[in-house]
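Since the structure comes first, as C-alpha coordinates, the remarks are kept for the end.
The values are calculated or read from the model by the stated rules, or taken from the named source; none is laboratory data. Values in this document were obtained by computation on a predicted structure and should not be read as measured data. Counting neighbours? That spans all protein chains shown, and the Cβs are built from the backbone with ideal geometry, glycine included. Quick note on the areas: whole protein, heavy atoms, side chains included, nothing else; ligands and nucleic acids left out. Shrake-Rupley method; radii C 1.70, N 1.55, O 1.52, S 1.80 Å.
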Amino acid sequence: DTLEEQLDAYIAAKAVKASTAAKYRATVRRCLDDWRTKPIADITPQMTRLRYEELLQHSIAEANNAMRVLRAVARRAMVVLPDREDGTPIMRVVPTAALAGQWKKIARRTRLLEPSEVPAWWVGLHKLRSEDSRKALITLLLTGLRLNEALDLQWSDVHEGMRQLT
(Lines give C-alpha, C1' and ligand atoms only; values in the text may rest on other atoms or scores of the structure.)
Protein backbone atom coordinates (compact mmCIF):
# COMPACT_ATOMS: atom_id res chain seq x y z
CA ASP A 1 0.00 0.00 0.00
CA THR A 2 1.12 3.53 -0.68
CA LEU A 3 1.57 6.21 1.95
CA GLU A 4 -1.60 7.89 0.72
CA GLU A 5 -3.63 4.67 0.91
CA GLN A 6 -2.36 4.00 4.41
CA LEU A 7 -3.12 7.60 5.41
CA ASP A 8 -6.71 7.18 4.21
CA ALA A 9 -6.97 3.86 6.05
CA TYR A 10 -5.56 5.44 9.23
CA ILE A 11 -8.06 8.31 9.06
CA ALA A 12 -10.95 5.88 8.55
CA ALA A 13 -9.80 3.47 11.28
CA LYS A 14 -9.25 6.21 13.87
CA ALA A 15 -12.46 8.04 12.89
CA VAL A 16 -10.70 11.39 13.17
CA LYS A 17 -12.67 14.60 12.74
CA ALA A 18 -12.96 15.97 9.22
CA SER A 19 -10.85 19.01 10.14
CA THR A 20 -8.07 16.79 11.51
CA ALA A 21 -8.18 14.56 8.44
CA ALA A 22 -7.87 17.64 6.22
CA LYS A 23 -4.85 18.80 8.24
CA TYR A 24 -3.16 15.39 7.97
CA ARG A 25 -3.72 15.27 4.21
CA ALA A 26 -2.49 18.85 3.77
CA THR A 27 0.64 18.08 5.79
CA VAL A 28 1.41 15.04 3.66
CA ARG A 29 0.81 17.02 0.43
CA ARG A 30 3.01 19.88 1.62
CA CYS A 31 5.86 17.93 3.18
CA LEU A 32 5.80 14.41 1.77
CA ASP A 33 4.10 14.87 -1.59
CA ASP A 34 6.66 12.88 -3.56
CA TRP A 35 6.13 9.95 -1.17
CA ARG A 36 2.32 9.83 -1.43
CA THR A 37 2.34 7.22 -4.22
CA LYS A 38 5.37 5.35 -2.85
CA PRO A 39 4.75 2.06 -1.05
CA ILE A 40 4.88 2.88 2.65
CA ALA A 41 7.24 -0.05 3.24
CA ASP A 42 9.75 1.59 0.87
CA ILE A 43 10.08 4.72 3.03
CA THR A 44 13.30 4.13 4.92
CA PRO A 45 14.60 5.60 8.16
CA GLN A 46 17.43 7.22 6.18
CA MET A 47 14.95 8.91 3.81
CA THR A 48 12.93 10.08 6.79
CA ARG A 49 15.95 11.54 8.56
CA LEU A 50 17.02 13.43 5.42
CA ARG A 51 13.49 14.76 4.82
CA TYR A 52 13.21 15.87 8.44
CA GLU A 53 16.47 17.81 8.16
CA GLU A 54 15.24 19.39 4.93
CA LEU A 55 11.92 20.40 6.50
CA LEU A 56 13.70 21.86 9.52
CA GLN A 57 15.20 24.51 7.23
CA HIS A 58 11.72 25.97 6.80
CA SER A 59 9.89 25.26 10.05
CA ILE A 60 10.59 23.16 13.12
CA ALA A 61 6.87 22.91 13.87
CA GLU A 62 6.00 21.73 10.38
CA ALA A 63 8.88 19.25 10.30
CA ASN A 64 7.77 17.76 13.62
CA ASN A 65 4.15 17.67 12.52
CA ALA A 66 4.95 15.92 9.23
CA MET A 67 6.97 13.29 11.04
CA ARG A 68 4.23 12.77 13.65
CA VAL A 69 1.71 12.09 10.88
CA LEU A 70 4.13 9.72 9.14
CA ARG A 71 4.88 7.95 12.43
CA ALA A 72 1.19 7.43 13.24
CA VAL A 73 0.38 6.10 9.79
CA ALA A 74 3.47 3.86 9.69
CA ARG A 75 2.80 2.41 13.16
CA ARG A 76 -0.67 1.37 12.07
CA ALA A 77 0.65 0.04 8.75
CA MET A 78 3.15 -2.19 10.56
CA VAL A 79 0.27 -3.85 12.36
CA VAL A 80 -2.26 -4.16 9.54
CA LEU A 81 -0.12 -4.91 6.49
CA PRO A 82 0.14 -8.63 5.73
CA ASP A 83 3.44 -10.46 5.97
CA ARG A 84 5.40 -11.43 2.88
CA GLU A 85 5.04 -14.94 1.49
CA ASP A 86 8.12 -16.05 3.45
CA GLY A 87 6.51 -14.89 6.70
CA THR A 88 8.64 -11.80 7.24
CA PRO A 89 6.87 -8.50 7.89
CA ILE A 90 6.53 -6.05 5.01
CA MET A 91 7.58 -3.27 7.39
CA ARG A 92 10.27 -4.11 9.91
CA VAL A 93 10.67 -0.64 11.39
CA VAL A 94 8.75 2.60 11.63
CA PRO A 95 10.72 5.00 9.39
CA THR A 96 10.67 7.76 11.99
CA ALA A 97 12.72 5.55 14.34
CA ALA A 98 15.74 7.26 12.80
CA LEU A 99 14.67 10.46 14.57
CA ALA A 100 14.81 9.00 18.08
CA GLY A 101 16.42 11.58 20.34
CA GLN A 102 16.79 14.04 17.46
CA TRP A 103 13.37 15.75 17.42
CA LYS A 104 13.81 19.50 17.67
CA LYS A 105 11.90 21.29 20.39
CA ILE A 106 10.11 24.56 19.88
CA ALA A 107 9.29 27.02 22.59
CA ARG A 108 5.67 26.61 23.52
CA ARG A 109 3.57 29.67 22.78
CA THR A 110 1.37 30.88 25.55
CA ARG A 111 -1.76 32.78 24.86
CA LEU A 112 -2.98 32.85 28.40
CA LEU A 113 -3.73 35.89 30.43
CA GLU A 114 -1.86 35.90 33.69
CA PRO A 115 -4.14 36.63 36.65
CA SER A 116 -2.42 39.98 37.11
CA GLU A 117 -3.28 40.92 33.48
CA VAL A 118 -7.03 40.27 33.73
CA PRO A 119 -8.02 43.62 35.32
CA ALA A 120 -6.31 45.66 32.59
CA TRP A 121 -7.74 43.35 29.92
CA TRP A 122 -11.23 43.77 31.40
CA VAL A 123 -10.91 47.58 31.36
CA GLY A 124 -9.71 47.50 27.75
CA LEU A 125 -12.51 45.15 26.82
CA HIS A 126 -15.14 47.65 27.97
CA LYS A 127 -13.61 50.30 25.73
CA LEU A 128 -14.45 48.29 22.62
CA ARG A 129 -17.07 49.89 20.39
CA SER A 130 -18.60 46.61 19.33
CA GLU A 131 -20.89 45.09 21.91
CA ASP A 132 -20.87 41.81 19.98
CA SER A 133 -17.07 41.64 20.15
CA ARG A 134 -17.15 42.45 23.84
CA LYS A 135 -19.71 39.68 24.52
CA ALA A 136 -17.75 37.20 22.41
CA LEU A 137 -14.49 37.90 24.25
CA ILE A 138 -16.20 37.64 27.64
CA THR A 139 -17.67 34.30 26.58
CA LEU A 140 -14.23 33.02 25.57
CA LEU A 141 -12.68 34.20 28.83
CA LEU A 142 -15.36 32.82 31.11
CA THR A 143 -15.91 29.48 29.36
CA GLY A 144 -12.39 28.63 28.25
CA LEU A 145 -13.72 27.80 24.79
CA ARG A 146 -11.40 28.05 21.82
CA LEU A 147 -12.49 30.51 19.18
CA ASN A 148 -13.48 27.82 16.67
CA GLU A 149 -15.46 26.00 19.37
CA ALA A 150 -17.38 29.16 20.20
CA LEU A 151 -18.05 29.87 16.53
CA ASP A 152 -19.37 26.33 16.03
CA LEU A 153 -21.88 26.57 18.89
CA GLN A 154 -25.51 25.98 17.93
CA TRP A 155 -28.55 26.97 19.99
CA SER A 156 -29.06 23.26 20.65
CA ASP A 157 -25.70 23.35 22.49
CA VAL A 158 -26.87 26.07 24.89
CA HIS A 159 -28.85 25.03 27.97
CA GLU A 160 -29.85 28.29 29.62
CA GLY A 161 -31.82 26.77 32.49
CA MET A 162 -28.84 24.61 33.48
CA ARG A 163 -26.33 27.35 32.57
CA GLN A 164 -24.39 24.90 30.38
CA LEU A 165 -22.79 24.74 26.97
CA THR A 166 -22.21 21.35 25.40
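Of all residues in region 44-61, those satisfying the criterion of being outside any helix (DSSP H, G or I) and open to solvent by 50 Å² or more (accessible area, probe 1.4 Å) are 44, 57, 58. Pairs are defined by a Cβ separation below 8 Å, a sequence spacing of at least 6 or placement on different chains, a first member in region 48-62 that is among the hydroxyl-bearing types (Ser, Thr, Tyr), and a second member that is not in a helix (DSSP H, G or I); the pairs so defined are 52/102. Looking across region 25-71, the residues that are under 14 Å from the mean Cα position of the chain (by Cα), aliphatic (A, V, I, L, M) and more than 17 Å from residue 103 (Cβ to Cβ) come down to 26, 28.
One residue stands out among those in region 75-112 that are polar (S, T, N, Q) and assigned to a loop (DSSP other than H, G, I, E, B): the one that is surrounded by the most Cβ atoms within 10 Å (Cβ to Cβ), which is 102.
Candidates 44, 27: the one that is touching an Asp or Glu at 6+ places or on another chain (Cβ under 9 Å), in contact (Cβ under 8 Å) with a residue 12 or more places away in the chain and among the hydroxyl-bearing types (Ser, Thr, Tyr) is 27.
Residues that are under 13 Å from residue 69 (Cα atoms), open to solvent by 40 Å² or more (accessible area, probe 1.4 Å) and among the small types (Gly, Ala, Ser) within region 4-43 comprise just one, 22.
Among the residues of region 113-136, which ones are small (Gly, Ala, Ser) and surrounded by 10 or more Cβ atoms within 10 Å (Cβ to Cβ)? Once the filter is applied, which keeps residues that are small (Gly, Ala, Ser) and surrounded by 10 or more Cβ atoms within 10 Å (Cβ to Cβ), region 113-136 yields 120, 124, 133, 136.
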